[in-house]
1. From the residues in segment 70-85 that are in a strand (DSSP E or B) and touching a residue at least 24 places away in the same chain (Cβ under 8 Å), which one is nearest to TYR26 (Cα to Cα)?
2. Can you pull out the residues in segment 31-61 that are under 16 Å from ILE112 (Cα atoms) and either among the basic types (Lys, Arg) or in contact with a strand residue (DSSP E or B) (Cβ under 7 Å, 6 or more places away or on another chain) (or both)?
3. Can you pull out every residue in segment 86-104 that is exposed (fewer than 13 other Cβ atoms within 10 Å of the Cβ) and either closer than 18 Å to LEU50 by Cβ or without any contact (Cβ under 8 Å) to a residue 40 or more places away in the chain (or both)?
4. Among the residues of segment 72-85, write down those that are more than 11 Å from VAL44 (Cα to Cα), over 11 Å from the mean Cα position of the chain (by Cα) and either charged (D, E, K, R) or surrounded by 14 or more Cβ atoms within 10 Å (Cβ to Cβ) (or both).
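Derivation of every value follows stated rules applied to the coordinates shown; laboratory data play no part. On a predicted model such as this, the values are computed, not experimentally measured, just so you know. Glycine also receives a Cβ, built like all others from the backbone with ideal geometry; neighbour counts cover every protein chain displayed.
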Amino acid sequence: MIIIIFAIVTEPYTKWYHRLADILVYNNYNHYLPCSALPELSEVEEIVLLHQDVIEQIENLSSEGNIEVVIDSLTCSGKGSIIIYYASKAERKLIDEILPDKTFFGIPISLINR
């Protein structure tokens, strides 16, 4: 009983169950960073402009156009991150080979299987 209460109390801070579901059920990766830890939106936009070639490389991993790279500017006002949408485990594996540290040139990313 104490373990259940502990899990319920700590989940909003650790996102442990969310992370577990992302990995085991959805094949997703979310950075779960608070807004205060995200870079300014202008910095994200600048990095994306500087590395359009890498974005094109990632998006071209799928011949069907299943992979999309977008800037998340809605979640945190004035702050940003990058979301990469993909459609299969094989595509995710290829993306992980290009971005092994789960950032896009220092910008936090989320990888979403749709």
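1. The residue in question is TYR85.
2. HIS31, LEU33, ILE55, ILE58, GLU59
3. ALA90, LYS93, GLU97, ILE98, PRO100, ASP101
4. Passing the criteria: only CYS76.
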